[in-house]
Structures are given as structure tokens and as C-alpha cells.
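> Encoded as C-alpha cells, here's the structure I'll be asking about.
Throughout, read-outs are computed from the coordinates displayed, never taken from laboratory work. These figures come from a predicted structure and were not determined experimentally. Note that each Cβ is placed from the backbone with ideal geometry, even for glycine, and that neighbours are counted across all protein chains shown.
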Amino acid sequence: MQENHEMMEFNGHVTDVEIMQAIRYLDPDLCTDKAGEDASTVVGIGITLLMALAGALTYIGLYVRDL
């Protein structure tokens, strides 16, 4: 029980920055995975916007052709 109390006191002195540095040191892939997810999200949004633009231009092109 004494060890548990000592660990709790130690945790009170550790800052959030130190905890994050320890997590990055122990699991460096965690940060790179999040960066990869961000890049794939941007690519997905870009493709969606391009498809919407192509659909709108096609609709306008067909409408103008019928005039």
C-alpha cells in the first residue's frame, strides 16, 4: 500500500507535457497514425468536392445544350 501512495504523490508532480513526451517516446507510431488520418481526410474531401463540381458542370452543360 505504501508504494501506491508514493506513486500517487509522484503523479501529482508530473505535468501534462511530460506525460505526452513519455507517450510519444513509448509509442511513436501513435502520432504518425493521426497525421496519416488527417492527410487521408483531406484527400477524401478534395475528391468529394471535385466530384460535386464535375456533376454541377455536367448538369449545366446539359441544360445549356437543350436551349
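> Measuring from label point to label point, each 7 Å out along Cα→Cβ, what is the Leu49 to Arg65 span in nm?
Distance between the two pseudo-spin positions: 2.8 nm.
> Simple spin-label model, 7 Å along Cα-to-Cβ: Thr58 to Gln21 in nm?
5.5
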